[in-house]
Each structure stands twice: as C-alpha cells, then as structure tokens.
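Okay, so here's the structure we're looking at.
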Amino acid sequence: MKVIGWTGWDDPRYREDYLSDPLFDEHRNAVIDELRKHNYHFSGIYHQGGELGVPVFDDGDWFKVSYRTWGQIMADAYPEEMGQTKSAYIVWSWCSPCEPKDMIIPRREDYPEYDFWEQLIQ
C-alpha cells in the first residue's frame, strides 16, 4: 500500500469519509512514510481545508481524519521536532510550528503519475 497522490477534503470521487478500523493502521503508516519521504509539514487545518491535504492510496481509499488525529500523525512522523510529550499532537492539530510561512505541502508535480488532476480542473 502506498500514497499515489493528494486531493482536497471535498473531492467527490472518493467513496468513504473514514477508513474502517482494520485498515486504519496500514494506511496511517503509509501516510507517515510519505510525509517523511517528502518532508511534508502541515496541520490538521490544511489537511481538511487545503487543496492537496488528503492522501489518496493505490487501493482507491483516501485518508480523511480529524484535526486531532492528523496532529497525532504529524507528531508521530516528526517526534524529534516537538519532543515526545503526550501533548505534541496539539501543535499539529490546529496550527503547526512552521505554518504558514514554512509549511511544506504536497505539490501536483510531486505525483506526475497521478492522473486525476485534470479531472479536478475541468
């Protein structure tokens, strides 16, 4: 399983808002791997409101989660940046230490094989 692209929260092409529990950990780990691979840094606010804040997987699922859950994923992806305190997720949930100036977000050119960009524009 891997992330093949990113889309917006309200993209009508994806069937479920949330993944079922048996799939959650596998998808979550793939998201963390992708965040680290590209050094993406953004908050739950961008995850839900940004143009490309929602990861899309090669199995057709996408990963829409709450601000808090996204914050925890970011804290788990970059534990060295915030320390390993129980409250580290809070900073990533609603804002981030880098946002908005130093926010690193997915770009369309990062995923040239993802062929849905044109469909979104039309």
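Values quoted throughout were computed directly from the atomic coordinates according to the rules given, and no laboratory measurement underlies them. Just so it is clear, the model here is predicted, and its values are computed rather than measured. All Cβ positions, glycine included, derive from the backbone under ideal geometry; neighbour counts span all protein chains shown.
Brief remarks on what is shown
- Per-residue 3J(HN,Hα) values for segment 44-53, derived from phi via the Karplus relation 6.51 cos²θ - 1.76 cosθ + 1.60 with θ = phi - 60°, read x, 5, 5, 3, 8, x, x, 4, 10, x Hz in sequence order (x marks Gly and Pro).
- Simple spin-label estimate for E51 and K37 in nanometres, 7 Å along Cα-Cβ: 2.2
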